[in-house]
Amino acid sequence: MQNQTTPNYRNLFVGLNVQTLTLDGSKLRYINFDNAASTPPLRAVLDAVNDFSAYYSSVHRGTGFRSQLSTHVYEQARQITLRFVGADAETHTCIFSKNATESLNKLARRFPFTPDRRSLGSILGASD
């Protein structure tokens, strides 16, 4: 059997090797047990955000070059996301949100609830 090595995915993320001060004054590598709420960013994402920061401006709010560029990139991200999940842009919409709770709240407000349908209310806010 050939010896296979596991790729080092840790290098793809920012801050995984940061040492944290402990109560006794020593330092240890921090272990994040709550990735659902605070997943470290991918290095490639951080680099892309930093690269675009000089051009960023309000999305859908201005007529200047930077605002128009930001709007174009934002809308392009919607199209890329729709293609990634196999959705048709003619019949589907991509809505970005801050977190799962906000997403579920947006969905719940738009879902056609009727007396015979169950509510999503019991799961909303579960991550808070």
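Here, each number is a calculation from the coordinates, and none is a lab measurement. From a predicted model like this one, the values you see are computed outputs, not experimental measurements. Please note: Cβ atoms are built from the backbone with ideal geometry, for glycine as well, and neighbour counts cover all protein chains shown.
Tabulated data
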| read-out | value |
| --- | --- |
| Members of region 28-43 that are in contact (Cβ under 8 Å) with a residue 12 or more places away in the chain, assigned to a helix (DSSP H, G or I) and either within 13 Å of VAL73 (Cα to Cα) or under 13 Å from the mean Cα position of the chain (by Cα) (or both) | ALA36, ALA37 |
| Residue within region 30-40 that is surrounded by 11 or more Cβ atoms within 10 Å (Cβ to Cβ) and among the aliphatic types (A, V, I, L, M) present | no |
| Residues that are polar (S, T, N, Q), exposed (fewer than 10 other Cβ atoms within 10 Å of the Cβ) and more than 17 Å from VAL59 (Cβ to Cβ), drawn from region 80-105 | THR91 |
| Positions within region 51-92 being of a type in the set (S, T, N, Q), in a helix (DSSP H, G or I) and either within 16 Å of the chain's Cα centre (by Cα) or over 30 Å from VAL18 (Cβ atoms) (or both), in sequence order | SER67, GLN68, SER70, THR71, GLN76, GLN79, THR81 |
| Scope region 1-27; condition closer than 22 Å to ALA44 by Cα and either of a type in the set (Phe, Trp, Tyr) or assigned to a loop (DSSP other than H, G, I, E, B) (or both); matching residues | THR6, PRO7, ASN8, TYR9, PHE13, VAL14, GLY15, LEU16, ASN17, VAL18 |
| Residue among THR71, THR20 that alone is without any contact (Cβ under 8 Å) to a residue 40 or more places away in the chain, touching a His at 6+ places or on another chain (Cβ under 6 Å), surrounded by 10 or more Cβ atoms within 10 Å (Cβ to Cβ) and among the hydroxyl-bearing types (Ser, Thr, Tyr) | THR71 |
